[in-house]
1. Work out the FRET efficiency for residue 85 and residue 50 from their Cβ-Cβ distance, taking R0 = 25 Å, and round it to the nearest 0.05.
2. Name the most mobile residue of 109, 32, 355, meaning the one with the largest mean-square fluctuation, in a Gaussian network model of the chain with Cα contacts below 10 Å.
3. Using the per-residue mean of other Cβ atoms lying within 10 Å as a proxy for protection, in what order, highest first, do the peptides 185-192, 222-229 fall?
4. For the chain, set up a Gaussian network in which alpha carbons nearer than 10 Å are linked by springs, and say which option among 60, 286, 28 fluctuates the most.
5. Once you have the alpha carbon radius of gyration of region 279-374, what is it after dividing by 2.2 N^0.38 Å, with N set to its residue count?
6. If you look at just the Cα atoms of region 205-284, how large are its Rg and its Dmax in Å?
7. When averaged across all projection directions, what area in nm² does the alpha-carbon convex hull of region 306-360 cover?
8. Roughly how tilted is helix 46-62, in degrees to the nearest 10 and between 0 and 90, from the longest Cα axis of the chain?
Ligand SMILES: O=C(O)C(=O)C[C@@H](O)[C@H](O)[C@H](O)COP(=O)(O)O
Ligand SMILES: [Zn+2]
């Protein structure tokens, strides 16, 4: 077993490490004990529990930690008030004190829900993120965004609550269903599109190896985490640059809400893939980016088996006005005006707070009637 790659997140008093490598689940108990906790509560979902909970609890037992587990149903539907209440009750039953830790052991849904529960339990207890999906390893476990969804929109109730450690065990990715791995890959591509054209070019050549596993997969995860750590390190609370991490999400979140968070139709990473294709095509329409760049984005996402068009979502999602209504709840809205993340090219994304709503409506109409190709 080789030493893990360590990516620091430089946040002063809230600084922490992201450890990426093989065999980290087996060492979790040691890390929790080193953090000075006596008791640990694992929050996980049914799929992860079936495959890996025994390993994690054995590791906590070996380190003589009192431990318990709360298992929630898998899927975006668990990011709800109902499951938040349930998880908080379980943490209170387990008598988690302020010096103890919550272990968010799962994909993005578990990380966001357990992180949010930890942020409000006794006004804040530590959370260790142990992400088990590609999406969670490269994105949602890092940076402290936690929360739940409501009918009005995605992640509208939540808090910033940084983890005290992130342990990304790359072994667990081998048990991920293909569709989930692909969805996580959309967030990997995002980092190239934001500000690293070299990384995007590397992904175009090596994405097959990233899917297969091994050194290129670890490199892609570490590069993604380093990119996220750098952005979060300079704008923890999203007052500026951090909004870049929302590339593809203005459209993507509206689409997820439009299908009622039905993971059978659309999972988060797929929404982000369609959203990034739309963000580039919108940038072309606004005269900001070259059509060849938008085409490269679409081609790469398609090659990796990701959807790139609203029409790729099974069933109805509604018209342009419905999607714009959903976008009006986006957290980037300022004084009622939508903010988009647009691009001047691959690796040249920027925050655009001043896009006229009429342009967005016309673009969405064109996207929905199929007159945007690629
Ligand atoms: O960490 C961030 O900042 C992100 O925007 C990362 C996103 O990929 C992630 O989906 C995040 O949860 C979206 O945040 P939101 O504030 O737009 O709900
Ligand atoms: Zn995302």
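1. Values: r = 24 Å, r/R0 = 0.96.
Taking R0 as 25 Å, the efficiency between residue 85 and residue 50 is 0.55.
2. Looking only at 109, 32, 355, the biggest GNM fluctuation is shown by 355.
3. For the peptides 185-192, 222-229, the packing ranking is 185-192, 222-229.
4. 286
5. Against the compact-globule rule of thumb, the ratio is 1.08.
6. Values for region 205-284 (Cα only, Rg and Dmax): 14.9, 38 Å.
7. If I average the Cα hull's projected area over directions, I get 5.0 nm².
8. So the inclination is approximately 40 degrees.
Laboratory data are not the source of any read-out in this text; all were calculated from the coordinates shown. What you see is a predicted model; the values in this text were computed from it and never measured. Cβ coordinates were reconstructed from backbone atoms using ideal geometry, including for glycine residues, and neighbour counts include every protein chain displayed.
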